Amino acid sequence: TEFNNDDIAINGFFGLYEFKPVEPLTLTGGLRVDDHETFGSETTGRFAAAYNPNANLTLRASWGQGFKAPTLIQLTGGGFTEPNPNLQPETSEAFDAGVDWRSDDGAIQLGVTVFDTKIEDLIRFASTGYFNEPEVETRGVEVTSSLQLTESLSVSAAYAYIDAEDGDGN
């Protein structure tokens, strides 16, 4: 199949609603509809919650879905490789959960987040062109910190451990 800029159109609609049933709790929900001329219509959702039991602590979590159609370069090979007529859109599902702590004066902040993402039909590139990786999972933990030393000087650090694995266990 041969594509050009006039062949593909995508329309999208996104709605987000934020709700605070009680002061320390914020709930967020979102829906997105992507209508792709070639790959059809896909609806994805996202939900998140944040809870602040006091001024120093935030507990948070989210879950969401994703959809990404191949770009024109991916569909055409970009002039570097042959087009892959079997290339499919990516879909994903992910969650994360974390806790953030702040000192009373806000000078010290610490955070920890765990996450997990599953992607089906990940679009990848090799020397032969673009292809779909049937299944990929990434999971890990991220630790963040910051210290406000003076009004104009701060130090921050972050560390992430990521374990990524394809459907074959690689």
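The table below gives the values:
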| read-out | value |
| --- | --- |
| Only Lys, Arg (+1) and Asp, Glu (-1) charged, at Cβ; the range 1-142 dipole about Cα centre in debye | 460 |
| Of all accessible heavy-atom area on the range 44-115, the percent that carbon and sulfur account for (1.4 Å) | 61 |
| Förster radius 30 Å - calculated FRET efficiency between LEU147 and THR91, Cβ distance, rounded to 0.05 | 0.15 |
| Cβ-based net charge around PHE67, under 13 Å, with every Lys or Arg adding one and every Asp or Glu removing one | -4 |
| Chymotrypsin sites (Phe, Trp or Tyr not before Pro) restricted to the range 34-117 and DSSP loop, no more than 12 other C-beta within 10 Å | PHE80 |
| Loop-located GluC sites (Glu not before Pro) in the range 64-170, at most 15 other Cβ atoms within 10 Å (DSSP) | GLU151 |
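The values are calculated or read from the model by the stated rules, or taken from the named source; none is laboratory data. The shown structure was predicted, so the numbers you read here are calculated from the model rather than taken from an experiment. Cβ sites come from the backbone with ideal geometry, for glycine too, and all protein chains shown count toward neighbours. We work out accessible area using only protein heavy atoms, side chains counted, and drop any ligands, DNA or RNA first. Shrake-Rupley method; radii C 1.70, N 1.55, O 1.52, S 1.80 Å.
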